[in-house]
Amino acid sequence: MGNQREIIRRFLYENQAEMISLWKRIVDINSGTPNKRGTDEVCAVLAAEMKKSGIQVKIIEEEENGNTLIGTWNPGSTEKPVIFMGHMDTVFNEQTENGKFRIQNGKAYGHGVLDMKGGLVISIYVCRALQECGYCGRPVKFVFAGDEETAHSGGKTAETMENEIRGSCAAFNFETGDIQDGIVVGRLGAGVFTIETRGVAAHSGNNPADGKNALEAMARKIVELQNLNDIENGKLMNVAVIQAGEKTNIIPERCVAKGCFRFKTKEAYKELKQKILQICETVSVPGTQGVYIFESKIECMEPSRENYRLFRLMESVAEETGYGPIHAKEVGGGSDSNIPASLGIPTVCGVGVRGEYNHTEREYAVVDSMAARCELIVNTILRLDELE
């Protein structure tokens with residue numbers, strides 16, 4: 001094992017410049033989620049890199065969203081595969097000069113440099129390091145989405161990912177790495193919804209008694225919805241968008257509100273959704289009615305025993321290899337880690353390059369963390385049999 005670790009360390013640190021070059025190449029491609037062409041270009045670059053390493057590649061076409069990239073190395077193994085997850089799109093729809101890749105004082109900047117193009121590079125070099133040290137155990141399967149930042153709305157990516165991941169032994173999502181070395185073992189799930197209230201329009205001065213104010217009805221419902229917040233128990237509600245009325249002298253007959261609720265467990269999801277439905281169906285202003293429209297759902301990543309077992313294995317490896325202390329954390333934002341976790345597969349997230357401020361122009365990643373994170377994941381994979 002000691003000699004294997006030295007081979008891995010030498011390979012990764014000798015190839016840092018090559019890793020950074022690939023990182024720069026994909027950061028400099030604008031792949032905001034609506035930009036299918038750019039996202040598919042990133043997909044093509046990564047597919048070519050995989051093929052260089054003997055990884056079998058399959059690209060699943062999407063009509064409107066970015067394509068899905070599936071790569072498989074060591075497919076002849078009969079053991080359960082290990083999953084490497086990631087996404088190729090970013091939240092940045094337009095790329096300015098400030099969004100181009102650059103390094104200053106040991107930090108890399110650019111659109112998607114942290115979320116999560118650095119992690120995509122790490123995953124490829126983890127596989128290359130496994131090859132370099134002679135690993136021939138489990139298959140490694142890459143599952144990269146092209147539309148994660150919009151929760152795969154309007155496409156079949158989530159279904160594709162679930163089918164590809166099912167039956168695996170463990171999953172690593174190379175999402176944004178915590179600057180303080182927190183490894184994500186739990187994420188809240190999310191549901192996006194629309195509520196519409198319908199009333200009766202009338203002139204607010206001439207015949208106000210004839211009007212049934214849909215906006216007032218919605219306002220009462222919003223107060224009840226916001227009261228569902230229970231932060232300590234992982235139940236979050238946020239009504240964020242509202243549209244009603246056109247003129248101040250007309251009682252609005254229609255109001256639409258959009259919101260998002262988050263949940264820590266599947267039971268919390270059922271409870272929140274039931275309460276939202278009850279609030280919607282309750283007549284809050286006589287003569288009005290409510291309509292509930294459910295738009296999309298991201299499963300929660302429950303902080304399960306399986307996830308913690310995988311984390312503890314990583315923690316042990318970090319100590320043995322001199323990586324340094326890591327800690328488990330739970331976060332509110334969703335990710336595709338929720339897919340394998342919901343299937344009962346041991347899953348950890350946030351194992352990509354470390355940094356801060358993702359989704360903002362201040363986003364940066366610590367350059368030296370790239371090789372270090374690679375080394376940590378490679379050595380963890382060498383011990384995955386301990387999970388069974």
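For the charge dipole of the chain, defined by +1 on Lys and Arg C-beta atoms and -1 on Asp and Glu C-beta atoms about the Cα centroid, which residue among A158, G205, Q4 has the Cα displaced farthest towards the positive pole?
Checking the options against the dipole of the chain, the answer is G205.
In a shell of Cβ-Cβ distance under 10 Å around R262, excluding R262 itself, what net charge do Lys and Arg (+1) and Asp and Glu (-1) give?
Values: positive: R187, K235, K264; negative: none.
Around R262, the charge tally is +3.
Shape call for region 26-142 from the C-alpha gyration tensor, a ≥ b ≥ c root eigenvalues: rounded (a/c under 1.5), prolate (a/b greater than b/c) or oblate?
Oblate shape, in that a/c is at least 1.5 and b/c is the bigger or equal ratio.
Is the shape of region 155-202 best called rounded, prolate or oblate, per the rule: a/c under 1.5 gives rounded, else a/b larger than b/c gives prolate, else oblate, with a ≥ b ≥ c the square roots of the Cα gyration tensor eigenvalues? Each step should come with its number before you reach the end.
Working: a/c = 4.23, a/b = 1.89, b/c = 2.23.
It comes out oblate by the Cα gyration axes.
Taking the Cα atoms of region 176-228, report the difference between the largest and smallest coordinate on each principal axis, in whole Å and largest first.
65, 19, 17
In whole Å, largest first, what are the principal axis extents of the Cα atoms in region 206-270?
Here the Cα extents, ordered largest to smallest, are 51, 18, 17 Å.
State the Cα centre-to-centre distance between region 358-388 and region 4-60 in whole Å.
That distance is 15 Å.
With all protein chains present, how much of the accessible area of the chain (probe radius 1.4 Å) comes from carbon and sulfur, to the nearest whole percent?
On the way: 7820 of 16860 Å².
Of all accessible area on the chain, carbon and sulfur atoms account for 46 percent.
Rounded to the nearest 20 Debye, what is the dipole magnitude of the chain about its Cα centre when Lys and Arg each give +1 and Asp and Glu each give -1 at the C-beta? Don't skip to the answer; put the middle values down first.
Values: 44 positive and 54 negative charges, 33 e Å.
Dipole magnitude for the chain comes out near 160 debye.
Share of Cα-Cα pairs in region 263-335 beyond 14 Å, in percent? Walk me through the numbers on the way to the answer.
Values: 1923 of 2628 pairs.
Of the Cα pairs, 73 percent sit more than 14 Å apart.
If we count every other residue with Cβ under 15 angstrom of L46's Cβ, Lys/Arg +1 and Asp/Glu -1, where does the sum land? Don't skip to the end; give the middle numbers.
Details: positive: K24, R25, K51, K52, K58, K117, R128, K141; negative: E18, D28, D40, E41, E49, D89, E148.
With Lys, Arg at +1 and Asp, Glu at -1, the neighbours total +1.
Let a ≥ b ≥ c be the square roots of the eigenvalues of the Cα gyration tensor of region 1-75; is it rounded (a/c under 1.5), or, if not, prolate (a/b larger than b/c) or oblate? Don't skip to the end; give the middle numbers.
Details: a/c = 3.53, a/b = 1.74, b/c = 2.03.
Oblate shape, in that a/c is at least 1.5 and b/c is the bigger or equal ratio.
With angles folded into 0 to 90 degrees, how steeply does helix 266-281 sit against the dominant principal axis of the chain? Use alpha carbons for both and round to 10.
It is inclined by approximately 20 degrees.
Dividing the alpha-carbon radius of gyration of region 232-388 by 2.2 N^0.38 Å (N being the number of residues), what value is obtained?
Details: Rg = 22.1 Å, N = 157, 2.2 N^0.38 = 15.0 Å.
For region 232-388, the normalised Cα radius of gyration is 1.47.
What does the charge add up to near G154, with Lys and Arg as +1, Asp and Glu as -1, over the other residues with Cβ less than 11 Å from its Cβ? Kindly include the intermediate steps, with their values, before the conclusion.
Numbers: positive: K156; negative: E62, E63, E64, D147, E295.
Here the charged neighbours net out to -4.
Using a cut-off of 20 Å between alpha-carbon atoms, which lysines can reach K58, once sequence neighbours fewer than 8 places away in the same chain are excluded?
Hits, sequence-local ones excluded: K36, K80, K117, K141, K156.
How far is helix 16-27 tilted, in degrees, relative to the longest principal axis of the Cα atoms in the chain, given as a value from 0 to 90 rounded to the nearest 10?
For 16-27 against the chain, the angle is about 30 degrees.
Can you return the lysines within cross-link range of K247? Criterion is Cα-Cα under 23 Å, with same-chain partners fewer than 8 residues away left out.
K212, K221, K258
To the nearest 20 Debye, how big is the dipole of region 223-348 about its Cα centre, given +1 on the beta carbon of each Lys and Arg and -1 on that of each Asp and Glu?
Working: 15 positive and 17 negative charges, 51 e Å.
Here region 223-348 has a charge dipole of around 240 debye.
Using the heavy atoms of the protein chains and a 1.4 angstrom probe, tell me the accessible area per residue for the chain in square angstrom. Don't skip to the end; give the middle numbers.
Working: 16860 Å² over 388 residues.
Here the residues of the chain average 43 Å² of exposed surface.
The values are calculated or read from the model by the stated rules, or taken from the named source; none is laboratory data. Quick caveat, the model's predicted, so the values are computed rather than measured. Glycine also receives a Cβ, built like all others from the backbone with ideal geometry; neighbour counts cover every protein chain displayed. Keep in mind that these areas ignore ligands, DNA and RNA; they rest on the heavy atoms of the full protein, side chains included. Shrake-Rupley method; radii C 1.70, N 1.55, O 1.52, S 1.80 Å.
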